[in-house]
Amino acid sequence: MRVCVYAASSAKVAPEFHAAARALGESLASEGCSIVYGGGSQGLMGSLADGALSKGGEVIGILPRFMADLEWGHPGLTKLELVEDMRERKHRLLTDSDAVVALPGGCGTLEELFEALTLKRLGLYFNPILLLNTRGFYAPLQGFMESVIQEHFMNPEHAAMWSLVDSVDEVLPAIRSTPKWREDARDYAVVR
């Protein structure tokens with residue numbers, strides 16, 4: 001299984017976020033999952049990669065060239081793919097992934113998450129999308145998305161596009177128990 005993980009690059013976040021990212025990397029690697037992520041060495045990205053690598057896991061980074069020029073890439077990855085820009089990075093992250101896990105993060109993580117959700121809504125991505133709710137980080141977003149549905153900007157069916165999990169131990173069971181997204185997704189992509 002190839003799991004795409006969206007993660008923050010900030011090194012200043014609370015230790016609990018780093019611990020969860022490292023534990024996720026260790027857990028996925030221990031279960032034989034490949035990880036594809038943004039390729040960074042700092043913040044939750046670095047913690048995720050270090051955790052997976054410590055268990056002998058395959059970790060593939062997708063890094064824009066300008067970030068490589070700034071030496072933001074993780075030096076110990078199984079593979080580091082350089083791409084031209086952020087748009088190509090997002091595309092490569094999702095390509096061939098069997099699931100997405102969003103760790104807490106800022107605007108980059110949220111942009112990647114919302115692109116995956118949009119593609120799922122449009123029937124262009126069919127695999128599980130999980131939000132790791134460390135320290136309740138994604139609870140406000142969950143409430144906001146419920147409001148988006150209540151105000152008819154999305155259909156009620158769209159609430160099933162993602163799952164919120166509170167611990168690393170729940171990630172793989174949630175991925176395994178989430179059915180493929182409906183083939184008829186485009187039939188209700190637009191709110192009528």
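Annotations for the structure displayed:
- Residues of the stretch 10-22 that turn out to be under 19 Å from Gly108 (Cβ atoms) and either crowded, with 19+ Cβ neighbours inside 10 Å or of a type in the set (A, V, I, L, M) (or both), as a count: 7
- Leu44 falls short on exactly one of the conditions (1) at pLDDT 95 or above; (2) among the hydrophobic types (A, V, I, L, M, F, W, C); (3) out of contact with any helix residue (DSSP H, G or I) (no Cβ under 7 Å at 6 or more places or on another chain), and that condition is (3).
- Positions within the stretch 93-124 being of a type in the set (Ser, Thr, Tyr) and either over 20 Å from Ile60 (Cα atoms) or touching a residue at least 60 places away in the same chain (Cβ under 8 Å) (or both), in sequence order: Ser97, Thr109, Thr118
- Criterion violated by Val190 - all others in (1) in contact with a helix residue (DSSP H, G or I) (Cβ under 9 Å, 6 or more places away or on another chain); (2) loosely packed, with under 13 Cβ neighbours inside 10 Å; (3) over 29 Å from Gly40 (Cβ atoms) satisfied: (1)
- Among the residues of the stretch 1-53, just one is in contact with a strand residue (DSSP E or B) (Cβ under 6 Å, 6 or more places away or on another chain) and farther than 19 Å from Glu81 by Cα, namely Leu28.
- Some residue of the stretch 64-74 being over 15 Å from Val36 (Cβ atoms), of a type in the set (D, E, K, R), in contact with a strand residue (DSSP E or B) (Cβ under 6 Å, 6 or more places away or on another chain) and at pLDDT below 95: yes
- Set side by side, the residues Phe137, Phe153, Phe144 differ, and just one is buried (at least 16 other Cβ atoms within 10 Å of the Cβ) and more than 25 Å from Thr95 (Cβ to Cβ), which is Phe137.
- In the stretch 23-112, counting only helices (runs of 4 or more DSSP H) that sit wholly within it, the ones holding 2 or more residues that are surrounded by fewer than 18 Cβ atoms within 10 Å (Cβ to Cβ) and over 18 Å from the mean Cα position of the chain (by Cα) span 65-69.
- Taking the criterion of being closer than 30 Å to Gly25 by Cβ, over 15 Å from the mean Cα position of the chain (by Cα), of a type outside the set (A, V, I, L, M, F, W, C) and outside any helix (DSSP H, G or I), the residues of the stretch 136-192 that qualify are Thr178, Pro179, Lys180.
The values are calculated or read from the model by the stated rules, or taken from the named source; none is laboratory data. Everything numeric here is computed off the predicted structure, so don't read it as measured data. All Cβ positions, glycine included, derive from the backbone under ideal geometry; neighbour counts span all protein chains shown.
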